[in-house]
Amino acid sequence: MSNGIPLAEALARYRPDADLGPLPELTDTDTLLNAYHPDHLRGSVVKLAVGANAGDSCQRDLAGLLQSEAFIDEADLAGTPVTDIDVLVIGGGGAGCAAALMAAEKGARVLLATKLRLGDSNTVMAEGGIQAAIEPDDSIQRHIQDTLRGGHHAGDPALVSAMAGDGPDVLRWLIRQGMQFEQTPSGDLHTRRAGGMSAARLVHCRDYTGLEMMRVLREAVIQHRSIEVWEQSPAVELLSNELGQKCVGAVLTSLLDGQLRIVRTRSVILATGGLGRLHLNGFPTSNHLGATGDGLVLAYRIGARLRELDSFQYHPTGLLHPSHLSGKLVTEGVRAAGALLVNGLGRRFIDELLPRDMVCAAILRECSEGRGIRIDDQRVGVWLDTPRLERANPGLLEQQFPNLMTRTRVSGIDPRLEPLLVHPTLHYQNGGAVIDTNGATTVPGLYAVGEVAGGIHGRNRIMGNALLEIISFGRRAGIAATANRDRGPKKVTLEHVNRLRRALTLAGMPMTQRAPQVLPAYAAGGVWNR
Amino acid sequence: MESLNKKMPLVETHLVLLHPERRVGADMARWRQSGGGEALARAAQDPAAVREEIRLAELRGLGGSGFPAWRKWDAVAAELPKPDKYLVVNGNEDEPGTFKDRLLLEETPHQVIEGAVVAALAIGANRVVFYINPDLARSLAAMKAALEQWQTSELPALASTALGRPLQLEFLPGSGHYIGGEETASMEWIEGRFPFPRGKPPYPAQAGVHGCPTLINNVETLAHVPHIAVHGAAWFRALGKAPGTGTKLYSLSGDVLHPGVFELPMGTPLRELIFVHGGGLLSGKPLKAVFTGGPSSTLLTPADLDVALDFDSLRARGSNLGTGAMIVISEGTGIVKRVAEYERFFAHSSCGQCNSCKVGTATMSRLLDRIDTGRGTAADLASLENLCTMLPNSGRCHLINGAVQLLDSAFHHFHDEFRQALR
């Protein structure tokens, strides 16, 4: 990737008022995606050999984790303290909080365990907003269609309908929790139209919608007397019944003292989020430190079916420079507000509001065909033309994107004067655990909500659906998990781990790699290891 | 490693109950094609002859007791109906590590029904109750469908004619309580009450369901009946490895490569079960112990590998075949934790009507939890040892005996491990 136009040369050529030339027509989207989208990189996809998805395609690094040995063994459970609870929620992001709140509301005693701290999640990274069909010229039907089309029709229509139908009610619920949204002068919710939407549907709070959402959910969870929160307590294994067919709890550890704890329960809700920190295909990521795909590993091990394991979203505009912000998002809202993408030759090359996978592939095409802007041998990107946006709408950046402005300002960059250098960043896992409209996985007693669940976004997520999904399905799973009146486990075992070990042995596969990863290798303290 | 890569162990066994032709589910036509109904036709001709064959075959109670089936049969046959005579088909299977009956009910429901009807003819019972664990959804569905097929066939009429009065087949999901599998507890449930075990005597053979003479047999026991009725006692005895007779369904689970239900000759050595049929231990770890599942679970150790898995050989070792469940534990697994789990299971399962059992199991469970979590003292261990001598035979049913026998067996083989876990 060393070809491209040197930074100084490109900067010298850049004019915010230059004529960008005509937008080249995009004739064949399939060819563009097949040639340049990272999901299609040669050798990056393998077939799974064991488990519920044996024979399905899966990203190579992820496949290694799904077909790996567990960290703990029966022997490790000797003398482990046991906690009994009605519902265990694993994950302290938006989905986990919404699930915990609804379960507690319905009368369950809830334990919410989170790997880092409550709210350390990708929810707070969501900048753009939350989708809900609330405008007069919009409809639930159009929301469903946009979501399915954006996902290349790989999504599950039942799940998409459930989510889109929940949209307006989710907003009402969030407002009742105390969440602030941008309003029009007349007091209506302010909406924006973003990539892949056929109507203005994006409700937002400046450019820190997720942060605002997390603020109110976090407060509500902390204040609820039926919810106990264990921070710095990642799950390292689920527990199954005697036959390994039902999820009846989890083994948690503590990042502080390494002690294991057994939690026995009727229902486990996985809300563990995504896997950006696995840095698939060597990409930088926009995800928070704990996003290591643990939920997928645990769910797969206990026998849950997963889907779209070869499909990930690379956000088109991750910051490339300065390097310490590498991978950080520039929200799609900036493009929705009118910012254009420009290559090193000073030309537009794609409609910026196309679905993310196409914009991403187009940027990678510019970079690999020598029209990108080169900082050094590793880093090539394209311009996000913020000065032009500022010229057309003076003050807009400062007013609507304070988060972006603050972050770049402390790095000595002023997006109003110089364009931002951007490059796709690993952003979202499109697939995940197969769920029904209650968030129930294929394993009794196990629910999955949020990014760890699959089927809603098909093979590509459109903006603003992630925040809607976590609340919509978080609430549904919280209610369903409480309604699960299973008599509870007689015995909690690691039988499902044995089942995977049997399958790996029979398939002649190595059992050297261990999972879940818990923290990225470069995190302080390194890989969690007992 | 080479042998581990083979999908299934290549051992010729003589399958009777689990013969592929019989595993047809609730499909009467296919069951009839594979010889179904033949035993009933013979029993209708001469019911007493079936009882004689069962006696000669030395068929045992396969629900865990190992009690000779013919003795219960004869006792009930000798009674007069008052006004009914019952046969209860015990499918409450809920023992740790046991999953054989659910397989028979799900995949061979007609075999089970025919066995029950033949038994009913042999002892003169006019009411047959299929009493099944309500958590076994697939077994319930298969049995329900199969019973409906019976009602629309000519078979019940055939049996009724032979019996001289109408034969009623009833289907009853159990209570979901472990204790509901106890003989007399099931009768309480059938009468519409909570499944509290009754005191004995009177024995069910004299006064069981609604005071009527009642025979209660395990699903697996009855599934053998049609085959003995057709092929005779000599054929059945030859299937087993002496002193065992016939075949047995072993439920193998735990740290083995191929867990599952295996139909093998009664008296198959433990070593063969684990290392040939089970494919050996998982990840090549050494064997530490085997829990024999059942109402009174005990431990076997590597020293017992060559013991024949039949009722008498195991009893001679101070152990118990139980339901034929073998839960394999590899080195590295804590015995204290496992035993603590079992005792918690017993404490939860105790119906609470006998004080010694209610308090005894709870106390054992509490003390074991303390030892397991590193808070136990030498006094706790001494208390447990005392309980093991005080509690046996102090309850109406065998639950308390089972709870004690397991702990006793664990102390016998792994006393050091308990001592090491003390504070």
Average partner coverage of A:76-83, which counts Cβ from other chains inside 10 Å: 5
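How would you rank B:K72, A:K47, going from fewest to most other Cβ atoms within 10 Å of each one's own Cβ? Display every interim value, and only then the final one.
Details: B:K72 22, A:K47 12.
Neighbour counts put them in this order, fewest first: A:K47, B:K72.
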Cα centroid of the stretch A:383-415 to Cα centroid of the stretch B:64-108, whole Å: 80
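Indicate, rounded to the nearest 5 percent, the antiparallel portion of the DSSP beta bridges found entirely in the stretch B:41-184.
Working: 1 of 13 bridges.
Roughly 10 percent of the DSSP beta bridges within the stretch B:41-184 come out antiparallel.
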Kirkwood-based Rg to Rh ratio, the stretch B:246-330, C-alpha trace: 0.92
Distance between the stretch A:154-189 and the stretch A:227-293 - C-alpha centres, whole angstrom: 28
Residues A:Q378 and A:R225, FRET efficiency given R0 of 60 Å [Cβ-Cβ distance, rounded to 0.05]: 0.70
Inter-part distance where the stretch A:1-43 and the stretch A:80-136 are each reduced to a Cα centre, Å: 39
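Any idea what the relative contact order of chain B is, in percent, if you count C-alpha pairs under 8 Å spaced at least 6 apart? Each step should come with its number before you reach the end.
Numbers: 851 pairs, mean separation 70.1, N = 423.
Relative contact order comes out at 17 percent.
Arranged by the count of other C-beta atoms within 10 angstrom, fewest first, what order do B:S251, B:S283 take? Please report the intermediate quantities before stating the final value.
Details: B:S251 26, B:S283 17.
With the sparsest Cβ surroundings first, the list reads B:S283, B:S251.
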Summed side-chain charge close to B:P83 - residues other than B:P83 whose Cβ falls under 11 Å, Lys, Arg +1, Asp, Glu -1: +3
Proximal charge balance of B:F418 [Cβ under 14 Å; K/R count +1, D/E count -1]: -2
Rg [Å, one decimal], Dmax [Å, integer] - the stretch A:448-507, C-alpha atoms: 17.0, 44
Unit Cα scatterers, Debye sum, the stretch A:324-414: log10 I(q)/I(0) for q = 0.11, 0.13, 0.17 Å⁻¹: -0.32, -0.46, -0.80
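Compute the length gained on full extension between B:R30 and B:L305: take 0.36 nm times their separation in residues and subtract their Cα-Cα distance, giving the result in nm to one decimal. Let's see the in-between values first.
Numbers: separation 275, 0.36 × 275 = 99.00 nm, distance 4.01 nm.
The span from B:R30 to B:L305 would gain 95.0 nm if fully extended.
Could you calculate the FRET efficiency of A:R193 with A:S411 from 1/(1 + (r/R0)^6), where r is the beta carbon distance between them and R0 is 25 Å, rounded to 0.05? Let's see the in-between values first.
Values: r = 30 Å, r/R0 = 1.20.
Once the sixth-power term is evaluated, E becomes 0.25.
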Angle in degrees between helix A:356-368 and the longest Cα principal axis of chain A, rounded to the nearest 10: 60
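Averaged across the residues of B:337-345, what count of C-beta atoms belonging to other chains lies within 10 Å of each residue's C-beta?
3
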Spin-label zone in the stretch B:321-345 - amide nitrogen under 16 Å from a point set 7 Å from the Cα of B:Q420 along the C-beta vector: B:330-339
The protein assembly as shown - Rg and Dmax from Cα coordinates, angstrom: 33.1, 109
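Could you work out the helix-only [θ] at 222 nm for the protein assembly as shown, with each DSSP H run of four or more residues adding -39,500 (n - 2.57) and the total divided by the number of residues, to the nearest 500 deg cm²/dmol? Write down the numbers at each step before the final one.
Details: 31 runs with 341 residues, N = 953.
Value at 222 nm, helices only: -11000 deg cm²/dmol.
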Angle in degrees between helix B:335-349 and the longest Cα principal axis of chain B, rounded to the nearest 10: 50
Whole-number percent relative contact order across chain A, with pairs defined as alpha carbons under 8 Å at least 6 apart: 26
Packing-based exposure ordering (other Cβ within 10 Å, fewest first) of B:Y178, A:Y300: B:Y178, A:Y300
Nearest-ten-degree value, helix B:109-123 long axis tilted from longest Cα axis of chain B: 70
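Values quoted throughout were computed directly from the atomic coordinates according to the rules given, and no laboratory measurement underlies them. As the structure is a prediction and not an experimental result, all values here were calculated from the model. Every residue, glycine as well, gets a Cβ built from its backbone with ideal geometry; the counts of neighbours run over all protein chains shown.
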